[in-house]
There are 2 protein chains.
Amino acid sequence: MTEIRTLTVLGTGVLGSQIAYQAAFHGFAVTAYDIDDQALEKARSRFAHLAGIYQAQQVAGAEGGKAEAALQNLHLTADLGDAVADADLVIEAVPELLELKRDLFRRLSDLAPAKTIFATNSSTLLPSDLKDSTGRPDRFLAIHYANNIWVQNIAEVMGTSETDPTVFDAVVEFAGNSGLEPIEIKKEKAGYVLNSLLVPLLNAAASLLLQGVASPETIDKTWRIATGAPSGPFQIYDVVGLTTAYNIAASSTDVGSLAFAKYLKDNYIDKGKLGISTGEGFYTY
Amino acid sequence: MTEIRTLTVLGTGVLGSQIAYQAAFHGFAVTAYDIDDQALEKARSRFAHLAGIYQAQQVAGAEGGKAEAALQNLHLTADLGDAVADADLVIEAVPELLELKRDLFRRLSDLAPAKTIFATNSSTLLPSDLKDSTGRPDRFLAIHYANNIWVQNIAEVMGTSETDPTVFDAVVEFAGNSGLEPIEIKKEKAGYVLNSLLVPLLNAAASLLLQGVASPETIDKTWRIATGAPSGPFQIYDVVGLTTAYNIAASSTDVGSLAFAKYLKDNYIDKGKLGISTGEGFYTY
């Protein structure tokens, strides 16, 4: 079967840098691509920061300077052809813009060797939205990571009806070999598994708040005690970030979601309270 | 303010017996009412069983034979007038039939003294559906317990627009004094807080399964890893019981819920797999 030894990650933002570092940390030869030297400079400091986090949080395998040593497995480049020349797997983690991703896959289809598997990390697009632009729909699928990859260590793997099952299996194996629990999704589904579960819970919590049924603290306490979960829905909102929550709610056509978007904007976003990242959201940190 | 010292529980089924025992365990004088001597005999063995559980599971305060001693605080009777003659609070936990509950409250309105607060533990009816039959809507509200009260120790307190705020506060205080975390619900809401959050999550999981997106094991694993919760949605289904899940789904008008009801019936209920209680449901125990 297809074996994945070399990984190229396109885009070194918050999640792209985590995907690249996590694989490097687990011994893969990883190439990280971004558009120019300035972006690469930023990537270098993101990688160093991640090494610090893995060491400080004592991620398994990070002892004895190994988190720092993983940086040696990362090769950075702003040349797309160079980036993908020997890649077994390319994962794109560029901004969530359909045409940007399509253009990128079109360029890749010429630059990458025939063996290369293409993957998208898109949260909001389906792989079917992109497959035609890849020139190799049988070697294309989605692999979706959650933020803070070293804690929420799942990788959701989802193909289209055209994805070759051996390619699917190879990416599942790669996910496992890079220290993640592979979540095998059998059929294309917007939101994958995690967001398909999480969004209805978060929406229900928002609705209780907006209807005046109970406070965020009461709602969270109920959830924690009754289910044993470490966090209630409003604590999760603060982790996800209220800007992301706002963007999702504001782009909905549902009346309740739009009302929640306005509520978030008026009470939190316009006041600079964006969740844990700014020290205040539904809770103060 | 109104202080609650004596409690009467009407109905000694699974939840009624837990409500009565939990209060007796925390030192309240509790009267448990059921319809005849046979029902009371069953109640007696339920209470003894609960004392055993509290001791075996080392519920705080159960050491030194105190779980057994709590049985002394329970008075059993099949005489409704005797049961409520000196009750500060009456909680009904009879079957979920609107007319049965209405009739009961009509009888109580004559039998109970003016001081007595009436409460329903109904999961599926709103207190507004019942308040007119109580003859004292200002002294009437809902207090909703979760099964396995000694673990999921919340009590959701929810009034109607007519409930006197001092009555609401007294019941919140009673819940706290009986070892539960009171969940103060500010506005009537079907499903209270807990089921308003839980049902959308469980529905979303059922939908992923029926659409063929992923297996129960994969869905549960995703939820556990990504949220840190001890149980995924299908583990929760097995705890709640598949008969309850079936009844809720089958009474819906939603196409997806009805499909899930049929799926549960064909694959589980007709085969005697009802969840943890029978040793098999989505998982084998």
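The values are calculated or read from the model by the stated rules, or taken from the named source; none is laboratory data. Note that the structure is a prediction, hence the values are computed from the model and not measured. Positions of Cβ are generated from backbone atoms using ideal geometry, with glycine treated the same way; all protein chains shown enter the neighbour counts.
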Being under 26 Å from A:Leu80 (Cα atoms) and either hydroxyl-bearing (Ser, Thr, Tyr) or crowded, with 20+ Cβ neighbours inside 10 Å (or both), is that true of even one residue in the range A:177-184?
yes
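Pick from B:Ile143, B:Ile117, B:Ile53: which is within 30 Å of B:Ile236 (Cα to Cα) and either in contact (Cβ under 8 Å) with a residue 60 or more places away in the chain or of a type in the set (S, T, N, Q) (or both)?
Just one listed residue meets the conditions, B:Ile53.
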Determine whether the range B:164-171 contains at least one residue that is within 18 Å of the chain's Cα centre (by Cα) and modelled with pLDDT of 95 or more.
yes
Got at least one residue in the range B:154-163 being under 17 Å from B:Ile19 (Cβ atoms), touching a residue at least 40 places away in the same chain (Cβ under 8 Å) and surrounded by 16 or more Cβ atoms within 10 Å (Cβ to Cβ)?
yes
Can you find a residue that is among the β-branched types (Val, Ile, Thr) and facing chain A (nearest Cβ under 8 Å) anywhere in the range B:235-248?
yes
For B:Tyr283, work out the one condition from (1) of a type in the set (Phe, Trp, Tyr); (2) surrounded by fewer than 18 Cβ atoms within 10 Å (Cβ to Cβ); (3) within 14 Å of chain A (Cβ to nearest Cβ) it doesn't fulfil.
(3)
Please verify whether A:Leu208 is under 16 Å from the mean Cα position of the chain (by Cα) and surrounded by 17 or more Cβ atoms within 10 Å (Cβ to Cβ), treating the condition exactly as stated.
no
What are the residues in the range B:263-276 that are surrounded by 14 or more Cβ atoms within 10 Å (Cβ to Cβ) and at negative phi, if any?
B:Tyr263, B:Leu264, B:Lys265, B:Tyr268, B:Ile269, B:Lys273, B:Leu274, B:Ile276
Restricting the search to the range A:206-229, which residues are facing chain B (nearest Cβ under 9 Å) and of a type in the set (Gly, Ala, Ser)?
A:Ser207, A:Gly212, A:Ala214, A:Ser215, A:Ala226, A:Gly228, A:Ala229
Are there any pairs with C-beta distances below 8 angstrom linking a residue in the range B:231-249 that is crowded, with 23+ Cβ neighbours inside 10 Å and acidic (Asp, Glu) to a residue that is in a helix (DSSP H, G or I) and modelled with pLDDT under 95, with the two at least 6 apart or on different chains, and if so which?
B:Asp238/B:Ile276
Restricting to the range A:210-226, give me the number of residues that are assigned to a helix (DSSP H, G or I), free of Cβ contacts under 8 Å to residues at least 40 places away in the same chain and aliphatic (A, V, I, L, M).
3
Taking the condition buried (at least 20 other Cβ atoms within 10 Å of the Cβ) and assigned by TED's automatic domain parsing to the domain that holds B:Ala29, does B:Thr124 pass?
no
Examine the range B:244-255 for a residue that is over 22 Å from B:Lys271 (Cβ atoms) and more than 26 Å from the chain's Cα centre (by Cα), and state whether such a residue exists.
yes
Quick check on my filter: what residues within the range A:3-15 are out of contact with any helix residue (DSSP H, G or I) (no Cβ under 8 Å at 6 or more places or on another chain) and at pLDDT 95 or above?
A:Arg5, A:Thr6, A:Gly11
Are any of the residues in the range A:170-185 in the same structural domain as A:Thr116 (by TED's automatic domain parsing) and at positive phi?
yes
